[in-house]
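Worksheet: one structure, shown below.
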Amino acid sequence: MTWERTAEAASPAPPERVWDALLDGRRWSLWNHGVQWMTPEGPVEPGTLLTMKPKGAPQTAFRIEAAVPRRLLALVVTFGPVAALRLRWELAPHGGGTSIAQTVGISGPLAGLLLRRAAERIANAMPANLERLASLAAGGAVDTAPEPA
């Protein structure tokens, strides 16, 4: 099974400020209410592990699949040969600011069974998360109240 969703937002901040906000794992909970924190376990480059602590779930080690500073961060967590969850952020200069796109996808023969609900939750939260990321990068106020369940 393969399934994918993308959401987009725009920030008045330049790509380097959005990139810095995206990689500041101590502040992830400010813009992504589903995550307590995240930390790269080394340089932000392909092959490096990035540990993320989702709220209400155990911490998870993603592998960086691709990283292009100020343009692209792609992560994957695999469940053996049967399922994979991918997260991808793409940044592009737009006017005086940045266009931000986030994609969540699942693949593999058991992806629907193992990951569909989690991927749908992530997808449903992406538009609001990206708006908060855009605001945080621009130095604006961020609504830190969790979204209703």
List the number of the failed condition for GLY56; all other conditions in (1) at pLDDT below 95; (2) at negative phi; (3) part of a loop (DSSP other than H, G, I, E, B) hold. (2)
Given the conditions (1) in a strand (DSSP E or B); (2) at positive phi, which single one is not true for MET38? (2)
Of all residues in the stretch 3-42, which are among the small types (Gly, Ala, Ser) and closer than 19 Å to ALA92 by Cα? ALA7, ALA9, ALA10, SER11, ALA13, ALA21
Neighbours by Cβ (under 7 Å, 6+ apart or cross-chain): first from the stretch 122-139, over 16 Å from GLU90 (Cβ atoms); second of a type in the set (Phe, Trp, Tyr) and surrounded by 23 or more Cβ atoms within 10 Å (Cβ to Cβ): ARG132/TRP31; LEU136/TRP31
Considering each residue of the stretch 55-105, count those that are of a type in the set (Asp, Glu) and either surrounded by 18 or more Cβ atoms within 10 Å (Cβ to Cβ) or under 19 Å from ALA21 (Cβ atoms) (or both), and give that number. 1
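The values are calculated or read from the model by the stated rules, or taken from the named source; none is laboratory data. In this text the structure is predicted, and so the values were computed from the model without any measurement. Glycine also receives a Cβ, built like all others from the backbone with ideal geometry; neighbour counts cover every protein chain displayed.
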